[in-house]
Amino acid sequence: MIVIESSMNLISGEEVWFDENGDGPARYDILNLQGNADDIDHHLHYVQVGTWSTGKLTLNTSAIRFFSDQRPFEEINVRRFCSEACQNGHVKVNLFEQFHCYLLLKIFYRNIQTTNDAVGNVIHVVMLLYLMKQHVSLVHLVSLPMKIKPLVVFFR
Amino acid sequence: MNVIPNNTESVALGAITVKARSLRVPGFEQYFRQLHVHNNTRNVWFREYWQQKFACQLNNFETNDVHQTNKYTRSCRPEQESLTTVPYNEDPKLAFVINSILAVVHGLDKMHKQVCNGSRGLCTEMTRMNSSLLMQFLKSSRFTGITGRHIR
């Protein structure tokens, strides 16, 4: 028998083993997202610039093209704010750890002070029903901030 | 490989990213392309795959296929259909799947050598599988993965 290297694989070995934690060998490719010189916005592609094999880093730094190598910083249209502003009549709700705008639809109950908790519960039930209708899972529902109790029902 | 999140192109340019290295499995494309609904009866999902791939309905000679719903009305023509010319896009996780199975195989082999003392076939000591013991043998195995060297 003759042992030869696979033609498509110049890395000898690719051995499989397990360490004391039962983890296999960690092997990663390191890629760099590059654009064509003549058409930066299209034809973006990944170029392999290195590997990381269970602790051994091989990096071809001369192959890396960082952002500023490819485009002047002033050209980029980066918007810097926490989240988009809501339209009139909408309010922000932190759902799924992202900001969404919900429509402020209706305000229930006039005697807010006296039945605060009870009303709050009613509102949450209403919201629950609405979210269930929207197939929002309960996992996501628990992340709803309870501060949004001011007796309104938010509809997207 | 070429997944660039939508609408992030303008800021993603120049990014350094990391992905699990996945090499193509030598010979797998050749193997895959010769699979045919006539010769691959071992894989119980292959008929279903064939029907989906060629958007057609295979004749159900097995009666237990009756309940199977198929959205295609056109009959398959296996004499004319073939995987040799269809687009081929190898799943990058393929080598991991094969290596995982190889790891179990190596573990079983080591276990068999020790528990059955090299006797042929399955010995009584191994008929009741001790999965913890198998795990030990599996973890201690070391072998050249499917994307490694060829032995010809």
Just read off the accessible area of B:Thr144 with the full protein assembly in place, 1.4 Å probe, to the nearest 10 Å².
60
Buried area at the B-A interface (accessible, heavy atoms, 1.4 Å probe, summed, Å²):
3500
Max mean-square fluctuation residue, GNM over chain B, Cα-Cα springs under 10 Å, options B:Val18, B:Val105, B:Val44
B:Val18
Take A:Trp52, A:Trp17, B:Trp45 and sort them by solvent-accessible surface of the protein heavy atoms, 1.4 Å probe, largest at the top.
B:Trp45, A:Trp52, A:Trp17
So what does B:His38 come to for accessible area, using a 1.4 Å probe and Å² rounded to 10?
120
For A:Asp69, A:Asp19, give the ranking by accessible area with the largest first, probe 1.4 Å.
A:Asp69, A:Asp19
Expressed in square angstrom to the nearest 10, the accessible area of B:Thr124 with a 1.4 Å probe stands at 110
How large is ³J(HN,Hα), in whole Hz, for each residue of segment B:84-100 in order, when computed from phi with the Karplus curve 6.51 cos²θ - 1.76 cosθ + 1.60 and θ = phi - 60°, using x for Gly and Pro?
5, 10, 6, x, 10, 9, 6, 5, x, 8, 4, 4, 5, 5, 5, 5, 4
Order the following by accessible area, largest value first: A:Glu84, A:Glu20, B:Glu90. Probe radius 1.4 Å; ligands, DNA and RNA are ignored.
A:Glu20, A:Glu84, B:Glu90
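The values are calculated or read from the model by the stated rules, or taken from the named source; none is laboratory data. Owing to the predicted nature of the structure, the values given are computational and were not obtained by experimental measurement. Surface areas here come from the heavy atoms of the whole protein model, side chains and all, with no ligands, DNA or RNA. Shrake-Rupley method; radii C 1.70, N 1.55, O 1.52, S 1.80 Å.
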